[in-house]
Amino acid sequence: MARHGGALLAGCVFVGVALPPLAAVLRETLTITVAGLMTLVLLRIDLAQVLSYLRRPLLVAALLAWLLLACPLIVFALVRATGLDGALGAAVVIMATGCAATSSPAFARLVGLDASISLVVAVLSTLLVPFTAPPLALGLLGIDLAISVGGLMARLALIVGLPLLLALAIRRLVPPARLAGWSGMVDGTVVLLLVIYGIGVMDGMQAKLLADPAWVAGGLALATLGNFGLNALTALACLPAGRGVALAAGLLSGNRNMALYLAVLPAATDSRILLFFALCQFPLFLSPFLLRPIYDRLRAAGLTS
């Protein structure tokens, strides 16, 4: 599974749309799947190594502030300016409050960008998002998600904190040599859980597609615009730090972790918001394939260093 991870990830979202009964069954496992995925991803990350990458603390702090604070406010202003109200407008803003996807370092390596800065920012943004996203989304921006600020903070803290503690405990109990020997199995299991997640989040998508194809098409276009738009905006904003850092930061900013929200938001949340988060998986899982030719051309022109 690890060897064929790219193809499996690209295909699983389409399987979820094509097989609604399977998607419905796997949707019920979403919270435990995300928790297991977070545990394994954090297990494969040496936090001491992450700290060793903090050679440019001001740059890391600036990237975190941009991703977690500036981007949501910019997207909120754009949504207001364009008159995009209702569920889709709220969903786009919430997407921008999310942390960088934990798969970002792997995506960066896949397209030939700096994986080290991606690793640092992805891990730290994941640890910080329980404290930034709920106050922004529910407090400052006033979006109704059928849950309080404190409740959402607590749920996000649990879905991030418990896997972190479990991963640290395993690292302490299991000898490093044995843990290294598990790497292939862990990577394969991560892909398996991502496939389960990718299928499960498509629950209800086929019905929505048949009932309102225009909404699904618009939502998919908006999710793609949000992903690549945040990527381009962040890359431009970070150019003073160097083109390599700017491109890596753009990829981080575009690929946001919607799995955490899907795992913790209550069932009473507007279904259109949850469906939009599911649509965000298409540009997320396909971005390495869609963006690789662009980065290859930039690299050939000497514009990635």
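Hydropathy first: keep DSSP H helices in the chain averaging at least -1.0 on Kyte-Doolittle, then drop any whose Cα extent along the axis falls short of 27 Å, and list what survives. TM-like helix candidates: 115-134, 149-173, 213-237, 281-300.
State the percentage of accessible surface on the range 1-130 attributable to carbon and sulfur atoms; use a 1.4 Å probe and exclude ligands, DNA and RNA.
Values: 3950 of 5630 Å².
Carbon plus sulfur share of accessible area: 70 percent.
Based on the Cα coordinates of the chain, what is the per residue volume of their convex hull in Å³? Could you put the intermediate results ahead of the total?
Details: hull volume 40.2 nm³, N = 305.
It comes to 132 Å³ per residue, whole-number rounded.
Over the range 114-261, the fraction of Cα-Cα pairs per 10 Å bin, rounded to whole percents and listed from the shortest bin up, is 9, 24, 37, 24, 5, 0.
If you count only protein heavy atoms with a 1.4 Å probe, what accessible area per residue comes out for the range 247-305, rounded to a whole Å²? Provide the component values of the computation, followed by the final result.
Working: 2030 Å² over 59 residues.
Counting only protein heavy atoms, the per-residue value for the range 247-305 is 34 Å².
In whole percent, and with a 1.4 Å probe on the protein chains, what portion of the accessible area of the range 251-305 is carbon and sulfur? That fraction is 63 percent. For the range 18-144, the solvent-accessible area works out to 42 Å² per residue, with a probe of 1.4 Å and every protein chain left in place. Length gained on full extension, ARG55 to ARG109, computed as 0.36 nm times the residue gap minus the Cα-Cα distance: 17.4 nm.
Using the scaling law 2.2 N^0.38 Å as the reference, what is the normalised Cα Rg of the range 41-160?
On the way: Rg = 15.4 Å, N = 120, 2.2 N^0.38 = 13.6 Å.
Normalised by 2.2 N^0.38 Å, the Cα Rg of the range 41-160 equals 1.14.
Averaged over its residues, the range 158-205 has an accessible area of 51 Å² per residue, based on protein heavy atoms and a 1.4 Å probe.
The values are calculated or read from the model by the stated rules, or taken from the named source; none is laboratory data. Treat the numbers as computed from the prediction; the structure is a model and nothing was measured. Heads up: the accessible areas ignore ligands, DNA and RNA and are worked out on the full protein's heavy atoms, side chains in. Shrake-Rupley method; radii C 1.70, N 1.55, O 1.52, S 1.80 Å.
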